[in-house]
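Q: Can you keep this structure in mind? I'll have questions shortly.
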Amino acid sequence: MMVPAPSVRDSLRVARPPLIARLIGRAMALGYRLAGKDRYDDFRLERVDGVPFIVTPSVFNPKVPRTGEFLASLLDSSLVGGNSEVLDMGTGSGVCAMFAAKYARRVVAVDINPAAVRCTEINARLNHLEHKIDVRHGDLFAAVPGERFDLILFNPPFLRGTPRDDRDRAWRSSDVAERFAAGLREQLNPGGFALVLLSTFGDGRFFLEEFCRRGLQISVQAERRFVNERLTVFRLTPTMPAGTA
């Protein structure tokens with residue numbers, strides 16, 4: 001289903017969920033706190049589709065918010081070719097990098113949080129994939145200057161604002177939408193594309209507006225609805241020459 005630029009905000013409705021969904025979301029957040037599932041400052045062992053992952057303090061958990069697990073679940077041989085080069089932006093625990101590495105020739109996993117870099121390195125070794133995953137510390141495309149990829153994966157910070165600390169960078173940013181959209185085309189090989197996950201929990205309209213402004217073709221790759229939010233994975237493909245915005 002193609003999403004034309006003039007109707008992106010209306011067709012996706014990512015700006016703000018209905019009141020009942022927001023109230024349910026708050027109740028679920030309270031439940032997470034009471035159950036201790038909201039904690040990010042301890043060590044956890046999670047399994048995503050049977051694959052084990054260590055989650056260390058301050059690192060985004062792929063299971064509790066559900067986003068990392070959902071994006072990783074989409075990765076198969078139809079999206080990740082055997083000779084493909086993949087960039088997992090904002091890798092967190094490395095969940096998408098691990099699943100992409102099952103098929104890809106090479107995966108570069110990047111995160112601005114040093115704890116996430118260490119966590120991904122641990123999980124690459126845990127799953128015997130360290131020979132295929134290059135883990136780097138850096139801010140968006142600054143970690144991969146001059147490199148191009150066949151597939152770029154991004155589970156971005158949904159909320160608009162200034163992050164309070166490294167942990168909060170997984171949730172909040174003042175300019176990631178603009179910088180990612182501006183740099184995407186130059187990092188893709190011909191025929192390459194990106195998969196970006198957005199949620200009604202956050203301010204997805206900023207991403208969509210920037211994608212449209214940069215001349216990116218947007219289509220819906222997959223969608224999953226929950227009681228308190230809807231997750232949508234968008235496929236982005238450059239349609240205009242570089243420098244045209």
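Q: Using a 1.4 angstrom probe on the protein heavy atoms only, could you order R164, R185, R205 from most to least accessible area?
A: Details: R164 175, R185 40, R205 70 Å².
The ranking, largest first, comes out as R164, R205, R185.
Q: How large is ³J(HN,Hα), in whole Hz, for each residue of segment 200-212 in order, when computed from phi with the Karplus curve 6.51 cos²θ - 1.76 cosθ + 1.60 and θ = phi - 60°, using x for Gly and Pro?
A: My calculation for segment 200-212 gives 5, 5, x, 9, x, 4, 5, 5, 5, 5, 5, 4, 5 Hz in order.
Q: Sticking with this structure for a sec: Which far-off residues, 5 or more places away or on another chain, put their amide H under 5 Å from the one on A222, with H placed in the peptide plane?
A: The list, which skips near neighbours in sequence, is V233.
Q: Can you give me the solvent accessible area of T162 with a 1.4 Å probe, rounded to the nearest 10 Å²?
A: We get 110 Å² for T162.
The values are calculated or read from the model by the stated rules, or taken from the named source; none is laboratory data. Because the structure is predicted, anything quoted here is derived from the model rather than measured. What goes into the accessible areas is simple: the full protein's heavy atoms, side chains included, and nothing from ligands, DNA or RNA. Shrake-Rupley method; radii C 1.70, N 1.55, O 1.52, S 1.80 Å.
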